[in-house]
1. So which residues in segment A:419-429 are in a loop (DSSP other than H, G, I, E, B) and farther than 16 Å from B:Gln37 by Cβ, if there are any at all?
2. Considering only residues of segment A:79-96 that are out of contact with any strand residue (DSSP E or B) (no Cβ under 7 Å at 6 or more places or on another chain) and at the interface with chain B (Cβ under 8 Å from one of its Cβ atoms), which is surrounded by the fewest Cβ atoms within 10 Å (Cβ to Cβ)?
3. Would you check which residues across segment B:382-406 are crowded, with 24+ Cβ neighbours inside 10 Å and either in a loop (DSSP other than H, G, I, E, B) or away from chain A (no Cβ under 12 Å) (or both) and list them?
4. Go through (1) more than 22 Å from B:Met293 (Cβ to Cβ); (2) modelled with pLDDT under 95; (3) among the hydrophobic types (A, V, I, L, M, F, W, C) for B:Ala175 and report which single condition fails.
5. Assuming B:Asn368 fulfils every condition listed in (1) crowded, with 24+ Cβ neighbours inside 10 Å; (2) in contact (Cβ under 8 Å) with a residue 40 or more places away in the chain; (3) under 30 Å from A:Lys52 (Cβ atoms) apart from one, which condition is it?
6. Spot the failing condition for B:Phe278; the list is (1) at pLDDT below 95; (2) under 30 Å from A:Leu99 (Cα atoms), and only one is missed.
7. Of everything in segment A:274-333 that's more than 7 Å from chain B (Cβ to nearest Cβ) and on the phi > 0 side of the Ramachandran plot, which residue is surrounded by the most Cβ atoms within 10 Å (Cβ to Cβ)?
8. Tally time: how many residues in segment A:93-124 are closer than 11 Å to A:Leu310 by Cα and in contact with a Gly (Cβ under 8 Å, 6 or more places away or on another chain)?
Amino acid sequence: MSSDKNTGLKFSSPYTPNTENDRAEMLKAIGVNTVDDLFKDIPASYLNPELKIPDAISEMELVQEMEDLANLNSVPGEYASFMGSGAYKHFIPSIVNRLALRSEFMTCYTPYQPEVSQGTLQAHFEFQSMVCQLTGMDVANAGMYDGSTALSEAALMACRVTKKQVVSVFDSVSPYYRDVLKTFLDAPGIKIESAKDGNLKVNKNHACLIVQQPNYFGYFEDLSKLSDDIHNAGGLLIVVTDPISLGMYKPPADYGADIVVAEGQSMGIATSFGGPYVGLFACKQQYIRQMPGRIVGRTKDTNGNTGYVLTLQTREQHIRRDRATSNICTSVGLIALMSTIYMISQGKQGLKHIANLCYQKAHYAAAKINEIDGYIVHTDKPFFKEFVVSCPMSPKEINKRLLHNKIIGGVDVSNLTKNGMLICVTETNSKDEIDLLVSSLSEIITEG
Amino acid sequence: MNNSPINTNESKRKLSMDRSVAGRIGTTLPKLDVPLQTEPPKDLLRESLEMPELSESEIVRYLTQISTFNFSIDHNFYPLGSCTMKYNPKVNDDIAALPGFSAIHPLQAESTVQGALKLMHHLQDLLAEITGMAGTSLAPMAGAEGELAGMLMTKAYHQANGDKKRTKILIPDSAHGTNPASAVMAGFDVISLSTDDNGNTDIEGLKYALSDDIAGFMLTQPSTLGLFDTNILDVVNMVRDAGGIIYGDGANLNAVLGKLKPGQLGFDILHSNLHKTFTQPHGGGGPGAGAVMVSDRILPFLPTPVVNRRTDKSNNEFFTFASPEKTIGKMGAFHGNFGALVRAYAYIRTLGKQGIPKVSEDAVINANYIRSQIKGVFDLPYDRTCMHEVVISARNLKHDNGITALDVSKRLIDYGIHPPTMYFPLIVEEALMIEPTETESKETIDEFIDIMKTIAQEAADNPSLLKEAPHNAPNTRLDEALAAREPDLRWTK
């Protein structure tokens, strides 16, 4: 690699248009001799350090290398997958990606300049509206990082609203969400107490009760009773939900939820090894000024025409700084847009139909698995698309064997319930796949 | 000037619910292929669900039409300071969409996702090398979450040393709002530090503020003024000598890639907005990714998980998730925004050691070129060499013609250019923060400079042209006060 002392490195990349000539002309116009004259504020002994990273490669080499890496992974789709636990494989209609990947949606920034961001703003307003319609809540923000951070922010908000410093969390809430909750709540010194079904001890010190519906294991909690309990104690009810379930199940608002959060990934977003996803966040009207995150509002322009803007920004970090409701800046706009397109596309009939398909297939799978000697499906409570099976041996071992039959089994929850496997069935699992799972589980027993 | 918008009308602004016609469907679904199961308990079911009913073609037209109401990097020069609106390589989007990346489940057995783990491990190493730090966690899902992780690590570090009285964080008055907000979320009190007349940290102020209750200093380098602190070594040494942690906000990392390793200066923690510096498209406000890089002494506190590499006797490598010994915990349900990590990795691989320094060189050349050509037309609050962005002031136009930074910004829209960041940093009157990035050509920059000169002339000749701008956007200026006073936040019947 030859380099030019005056203008720096001789290297062309498709992402940096300035040629050596351009650089020379610009440096001259600036009034300096070399590019490093522009870096003279950096202490000289630290400038231009040795950089031990690989050489540049061409687009073709990049694609080959990345395909090789991707091919090292086993991909659900080629495999029958029964893995859920907070990241779900649901069918994604083509228009979701085709529309969201338009340059106009994909390569714009946060809509701080509303006159040239109406596409994004209107789509965000659609998102807020449909999140409200699904959850039954009054208002929603434009999106959080994921379901787990949406929950953490909800708990912090409940503490702000109630001015209390203890939160009660049901032990059937996702363990991943409870981990994140701990990260967010330990720092400001908020205490987390674990609550159990049938042994709920909420009192006037509790800012909120956090319940997942359907819970992490797929089952329905007695939300009406829990709602009464926490409200009688003067705290808020926070419900973590699965938006796909809301196509047919009662929305959390009907149980008196004060704040509802959810992982939006199941609506049109690829599982993508865990992200990017989008957290849904909705609450009652009276709490809007305590909400975290971006909110889009409808307004008028100087000609009286309809338009949309970011609003209630005095809650946010760029205005309120250390007194903001949160430090969050992003609303994961693109992913929120994808889930918006998904909701519009599935629409009233589709959302109900998908929920029903998940319900029917999961119950078919549960019944079939329950018939196999040695496997016991937990059916003490109603469930939706996930359920727990007590297996005759360690789920880890079972999953290893299932892989040979091109099946990605359920998530191993043996740390939470003995030899437990959490199986998820969605509309993407055909009867053939389910039957293959059932016969494979059965074979594993016979093989011993 | 004709004020009527040309691109839109009220019918295009109708929401999907207002367009809905009972009976239409947007997509089809398979029939049930298993025997009908027992109905779910009735009391669990909802009575009704209000959702749009639209055909696929209507949805595509509706969303395509409103998409054209946006400015975007692919259509427009977008010199939005502090946001690093650089071009996002298309190939990276294709790569992130490979089923081997996009369709894998976060909880699959490690043996089935070795490609993903290998990529993450390599990216950890690359980011640590580029920034001169000892290790990386890719877990934070945005810049602000990286900041929070950094503050939590700062706290954990002092607590592990039994140093419990360090409850305060120093933050310059020029810092992004996320800095103080993140420090507070981590349970710290914030002390604001002033900036001196040259745009550097006020050394006397720092001296005065430092004491044994200071946990650390959140420092953006170059600062949000686009300036590199010429006292940086003094600042770092003073804070470290006082027992504090130097936290680097990597928002402006695009200025120093391959030119400077913050770790060598003595930074303990640095976050990088991978979506800015390493090209995840901004998507109308996310997704982001906020990797954190740390020095040796902070390694045990990194957010979980990190990816480790092991080799067996035959030198076969195997990658696993691991939890650092004294981790501050998880930042999200899974392992970070993998899709953004794939793009960052692809970008660094493409540019390599030849291209990475050129990114910052061209970004800095472009910004200084604008500074040199715009001088005299707009005020320069700090008339010195800038880094990747230049902060100018419209106070001269305000004084002479009553034209504000807002008016200049809105007029730029008429010329097809996205406005710079306005009124930030807060310490600059009528601030316009211009960040051209390295992906813009000299021709684009020259055109921008000409337009800025034209607008300054228009400010003198015909100020109402600017006051009423924009003239040809989908909307004229919007009433933000009305939106906040009477919040209308969702569709209603």
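1. A:Asn419, A:Thr428
2. Restricting to residues being out of contact with any strand residue (DSSP E or B) (no Cβ under 7 Å at 6 or more places or on another chain) and at the interface with chain B (Cβ under 8 Å from one of its Cβ atoms), the top hit is A:Phe91.
3. Selection gives B:Cys386, B:Met387, B:His388, B:Glu389, B:Val391, B:Ile392, B:Ala394, B:Leu397, B:Ile403, B:Ala405.
4. (1)
5. Looking at each condition in turn, B:Asn368 falls short on (2).
6. (1)
7. Within segment A:274-333, the match that is surrounded by the most Cβ atoms within 10 Å (Cβ to Cβ) is A:Gly293.
8. 8
The values are calculated or read from the model by the stated rules, or taken from the named source; none is laboratory data. Small disclaimer: the values here were computed from a predicted structure and weren't measured. So basically every Cβ, Gly included, is an ideal-geometry build from the backbone, and we count neighbours across all protein chains shown.
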